[in-house]
Amino acid sequence: MTEKLTEAERRETIEPLLGNGWAMVEGRDAIHKTFVFKNFVEAFGFMTRAALWAEKWNHHPEWSNVYKTVDVTLTTHDADGLSALDAKLGAKLDALAGG
């Protein structure tokens, strides 16, 4: 089972994501970010690349896509909150999106 982040781990791994456009989800121990691309093909390409990493790490986002916008929420269900996997995947998504 994956462990929920400690307060010190949150400062180290989640706070940098919050400085890069991620936000805490109200009422949940989760983070959310909206990625906006030039068009649908770029958005879908991002999701495809992200899906490969999510599958490799066996950590899958909650996400939706409408045209050029991809909304992503990260949390670790078996930890009942944020884990190192969320920080890792969040940073990877930012890198895949070019930011």
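Read the figures in this text as sums done on the coordinates, not as results from a lab. The model shown is predicted, which means the values in this text are computed figures rather than measured ones. Please note: Cβ atoms are built from the backbone with ideal geometry, for glycine as well, and neighbour counts cover all protein chains shown.
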Using only Cα atoms, find the angle between the long axis of helix 40-57 and the longest principal axis of the chain, and express it within 0 to 90 degrees, rounded to the nearest 10.
30
Tilt, helix 84-96 to longest principal axis of the chain (alpha-carbon atoms), in degrees rounded to tens, equals 20
How much length, in nm to one decimal, is gained on full extension between Glu9 and Asp80, taken as 0.36 nm per residue of separation minus their Cα-Cα distance?
24.0 nm
Estimated distance in nm for a label pair at Arg49 and Arg28, the labels positioned 7 Å out from Cα along Cα-to-Cβ:
2.5
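Of the peptides 27-36, 10-19, how do they stack up when ordered by the mean number of other Cβ atoms within 10 Å, highest first?
Details: 27-36: 16.2, 10-19: 14.7.
Highest mean packing first, the order is 27-36, 10-19.
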Using the eigenvalues of the Cα gyration tensor, what equivalent ellipsoid semi-axes result for segment 7-96 when each is taken as the square root of five times the eigenvalue, whole Å, largest first?
22, 14, 12
Picking from Leu85, Leu74, Leu52, which is most flexible by a Gaussian network model of the chain using Cα springs under 10 Å?
Leu52
Amide H neighbours of Ser83 under 5 Å, at least 5 residues apart or on other chains, H built in the peptide plane: list them.
Leu5, Thr76
Where the centre of each part is set by its Cα atoms, how far does segment 8-33 sit from segment 48-81, in angstrom?
15
The chain: calculated mean residue ellipticity at 222 nm from DSSP helix runs of at least 4, using -39500 (n - 2.57):
-12500 deg cm²/dmol
Please work out the FRET efficiency for the pair Asn20 and Asn58, using the Cβ-Cβ distance as r and a Förster radius of 25 Å; give the result to the nearest 0.05.
0.55
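Counting Lys and Arg as +1 and Asp and Glu as -1, each charge on the Cβ, what is the dipole of segment 7-96 about the Cα centre in debye, to the nearest 20?
That gives a dipole near 460 debye.
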